[in-house]
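Visitor: Handing you a structure now.
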Amino acid sequence: MSTVYDPHSPHADAFIHHEEILDTLAYADRCSKDKNFCLDLVRKAREMKGLTHREASVLLAAEDVDVIEAIYGLAREIKDRIYGQRIVLFAPLYLSNYCINGCVYCPYHAKNHHIPRKKLTQEEIVREVTALQDMGHKRLALETGEDPVNNPIDYVLESIHTIYSIKHKNGAIRRVNVNIAATTVENYRKLKEAGIGTYILFQETYHRKNYEALHPTGPKHDYAYHTEAMDRAMTGGIDDVGIGVLFGLNQYRYDFAGLLMHKEHLEAVFGVGPHTISVPRIRPADDISVSSFPNAISDDLFKKIVAILRITVPYTGIIISTRESARTRKAVLEVGVSQISGASRTSVGGYAEEEAEDSSQFEVNDNRTLDQVINWLLTDGYIPSFCTACYRAGRTGDRFMSLAKTGAISNCCQPNALLTLKEYLMDYASEATRKKGLEVIERELLHIPSLKARGLCEQYLKKIEQGERDFRF
């Protein structure tokens, strides 16, 4: 264990420093009772330069109603200034549930002998991706269990190549993000060369002792190797990384502070913070019961966490999955979430046809079709976006962050969102969704700041009507 907190250190125990987190929580307990101090922190966050892990922890501990309302109000304001009403959509694609780890919260753990194990062949991947394209998806997040025999890096790389090669009607997967186990710098270089978008890895919990107890066997038991994975990924050339914790495994305030310290470490060492932060909550699945985890958090607390993340890390994308209900997703979209999954299957296979045996990693709580999700977003005033332009235009890492931190990204994102929405409406939408979406496009065109960009966007929209595809700013 490191005795000194050092965000510049390459060692997990130094940049996720246990005593610093305990001191932070004690500091938050004291300062959160000072309403004026808390409101001053909210005012500081309005400058959109973020907050420290200590400052954010104070706001998380605050219970004053006026402070909480100020947090929500600012979260809405900052989200609108950076992201507008755009909501990016994606779908997970589970390649394999073979796993040698013993994670006690995941039904894929090695001791679970009754869950059906499956690994997609390349032919099955083609069928799954074709089904996803037929829904309208353009962006996937690949998921696998950790198993060097069944899921070696070469299998993942081959699968990525297969996915990018599939062109069905007007469909194409334009960006593959990857959520696989911590690996080597060499393997991260291979993923970068394969053209991935963001590398995503959840820490699950930053509390070392609890982490090791939750991962009693397998390579994931190695806390330091797992926690330092993003350093290796960025050293390997991947400049867009996504972090997150699984809320409910540990005390939420500890993990919240650890999450932000991880963000500060990446900024200190690489000059770039996380491209995305995910906020999953523990869910039941197969032999896993939520009652086994007493640290589960309420919907109101969950909303507060999202809002504080938004004002603390204003530039990052915040992701929520179909783990959450439609009601909860609606609540957190208002205060910070900018990316959501839609029509997800959390088992291996299941997009092309219903599986005879359930092998889900977790229960899905929002079972709406993608068209229903799009219609809902449009009804609530959002712009559903399938945009992947930044990845393909090289606006990643520090180049993306410089645009996001100033809000200038909207000059690209607003027209790209409208163009990809128009593609969806022309190729996949129901008549009711198409009508609603076209009205939104007409209205939102006026919100493109640059007259030149607006005019070009209008030209591209007409070309999409004529059958052309894949325009981007």
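Visitor: Search segment 91-120 for residues that are more than 23 Å from Arg139 (Cβ to Cβ) and of a type in the set (S, T, N, Q) and pair each with any residue that is modelled with pLDDT under 90 and not in a strand (DSSP E or B) when their beta-carbon atoms are under 6 Å apart and the residues are at least 6 apart or on different chains.
Guide: So the pair list comes out as Asn112/Asp287.
Visitor: Ok, one more. Regarding Leu89, is this residue closer than 30 Å to Arg443 by Cα and either within 20 Å of the chain's Cα centre (by Cα) or crowded, with 19+ Cβ neighbours inside 10 Å (or both)?
Guide: On the way: closer than 30 Å to Arg443 by Cα: yes; either within 20 Å of the chain's Cα centre (by Cα) or crowded, with 19+ Cβ neighbours inside 10 Å (or both): yes.
Yes.
Visitor: Still on this structure: Determine the pairs where a residue that is assigned by TED's automatic domain parsing to the domain that holds Asp239, located within segment 175-186, has a partner that is acidic (Asp, Glu) with Cβ atoms under 6 Å apart, the partner being 6 or more residues away or on another chain.
Guide: Asn179/Glu143; Ala181/Glu146
Visitor: Suppose we filter Thr227, Thr217, Thr235 for residues that are hydroxyl-bearing (Ser, Thr, Tyr) and either touching a strand residue (DSSP E or B) at 6+ places or on another chain (Cβ under 6 Å) or surrounded by 22 or more Cβ atoms within 10 Å (Cβ to Cβ) (or both); which single one remains? Reasoning before the result, please.
Guide: On the way: Thr217 fails: either touching a strand residue (DSSP E or B) at 6+ places or on another chain (Cβ under 6 Å) or surrounded by 22 or more Cβ atoms within 10 Å (Cβ to Cβ) (or both); Thr235 fails: either touching a strand residue (DSSP E or B) at 6+ places or on another chain (Cβ under 6 Å) or surrounded by 22 or more Cβ atoms within 10 Å (Cβ to Cβ) (or both).
Exactly one of Thr227, Thr217, Thr235 is hydroxyl-bearing (Ser, Thr, Tyr) and either touching a strand residue (DSSP E or B) at 6+ places or on another chain (Cβ under 6 Å) or surrounded by 22 or more Cβ atoms within 10 Å (Cβ to Cβ) (or both), namely Thr227.
Visitor: Could you count how many residues in segment 267-281 are of a type in the set (A, V, I, L, M) and in contact with a strand residue (DSSP E or B) (Cβ under 7 Å, 6 or more places away or on another chain)? Before the answer, list the steps.
Guide: Within segment 267-281, the first condition is being of a type in the set (A, V, I, L, M), and the residues that meet it are 268-269, 272, 277, 279.
Those left that are additionally in contact with a strand residue (DSSP E or B) (Cβ under 7 Å, 6 or more places away or on another chain): 277, 279.
So the count comes out to 2.
Visitor: List the number of the failed condition for Asp222; all other conditions in (1) surrounded by fewer than 23 Cβ atoms within 10 Å (Cβ to Cβ); (2) touching a residue at least 60 places away in the same chain (Cβ under 8 Å) hold.
Guide: For Asp222, the exception is condition (2).
Visitor: Now a separate question. Considering only helices (runs of 4 or more DSSP H) fully contained in segment 134-237, which possess at least 2 residues that are β-branched (Val, Ile, Thr) and modelled with pLDDT of 95 or more? Full working, then the answer.
Guide: On the way: elements: 153-165, 185-193, 208-214, 223-227, 229-235.
Because the criterion is at least 2 residues that are β-branched (Val, Ile, Thr) and modelled with pLDDT of 95 or more, the helices (runs of 4 or more DSSP H) in segment 134-237 that meet it are 153-165.
Visitor: Another question about this same structure. Among the residues of segment 260-274, write down those that are farther than 12 Å from Met230 by Cβ and either in a helix (DSSP H, G or I) or among the hydrophobic types (A, V, I, L, M, F, W, C) (or both). Break it down stepwise before answering.
Guide: Pass one, segment 260-274, residues farther than 12 Å from Met230 by Cβ: 260-261, 264, 268, 271.
Leu260, Met261, Glu264, Ala268, listed by residue number.
Visitor: Hey, another quick one. Within 21 Å of Cys390 (Cβ to Cβ), in the same structural domain as Ile374 (by TED's automatic domain parsing) and among the basic types (Lys, Arg): does that describe Arg323?
Guide: Numbers: within 21 Å of Cys390 (Cβ to Cβ): no; in the same structural domain as Ile374 (by TED's automatic domain parsing): yes; among the basic types (Lys, Arg): yes.
Taking the combined requirement at face value, the residue does not satisfy it.
Visitor: Let me ask something else about it. Quick check on this structure: which one of Asp64, Asp29, Asp13 is of a type in the set (Asp, Glu) and touching a Cys at 6+ places or on another chain (Cβ under 7 Å)?
Guide: Details: Asp29 fails: touching a Cys at 6+ places or on another chain (Cβ under 7 Å); Asp13 fails: touching a Cys at 6+ places or on another chain (Cβ under 7 Å).
Just a single option satisfies the conditions, and that option is Asp64.
Visitor: I've got another one for you. In segment 45-86, which residue that is over 27 Å from Gln414 (Cα atoms) and among the polar types (S, T, N, Q) is surrounded by the most Cβ atoms within 10 Å (Cβ to Cβ)?
Guide: Ser57
Visitor: Take the residues in segment 310-338 that are surrounded by fewer than 24 Cβ atoms within 10 Å (Cβ to Cβ) and among the polar types (S, T, N, Q); name whichever of them is nearest to Glu55 (Cα to Cα).
Guide: Thr316
Visitor: Has segment 421-430 got any residue that is modelled with pLDDT of 90 or more, assigned to a helix (DSSP H, G or I), of a type in the set (A, V, I, L, M, F, W, C) and more than 23 Å from the chain's Cα centre (by Cα)?
Guide: Keep residues of segment 421-430 that are modelled with pLDDT of 90 or more, which gives 421-430.
Those left that are additionally assigned to a helix (DSSP H, G or I): 421-427.
Among the residues that remain, those that are also of a type in the set (A, V, I, L, M, F, W, C) are: 421, 425-426.
Checking the rest, the ones that are also more than 23 Å from the chain's Cα centre (by Cα) come to 425-426.
Yes, segment 421-430 contains a residue that is modelled with pLDDT of 90 or more, assigned to a helix (DSSP H, G or I), of a type in the set (A, V, I, L, M, F, W, C) and more than 23 Å from the chain's Cα centre (by Cα).
Visitor: What pairs come out if I take residues in segment 233-260 that are at positive phi and pair them with residues that are of a type in the set (Ser, Thr, Tyr) and part of a helix (DSSP H, G or I) whose C-beta lies under 9 Å away, six or more apart or interchain?
Guide: Close Cβ pairs satisfying both conditions: Gly237/Tyr188.
Visitor: Also: Just give me the residues in segment 10-31 being buried (at least 17 other Cβ atoms within 10 Å of the Cβ), within 29 Å of the chain's Cα centre (by Cα) and free of Cβ contacts under 8 Å to residues at least 40 places away in the same chain, in sequence order.
Guide: Result: Ala14, single match.
Visitor: Determine which member of the set Arg127, Arg139 is charged (D, E, K, R) and touching a strand residue (DSSP E or B) at 6+ places or on another chain (Cβ under 9 Å). Outline the logic, then answer.
Guide: Details: Arg127 fails: touching a strand residue (DSSP E or B) at 6+ places or on another chain (Cβ under 9 Å).
So the residue among Arg127, Arg139 that is charged (D, E, K, R) and touching a strand residue (DSSP E or B) at 6+ places or on another chain (Cβ under 9 Å) is Arg139.
The values are calculated or read from the model by the stated rules, or taken from the named source; none is laboratory data. Quantities reported herein were computed from a predicted structural model and do not represent experimental measurements. Heads up, the Cβs are rebuilt from the backbone with ideal geometry, glycines too, and the neighbour counts pull from every protein chain shown.
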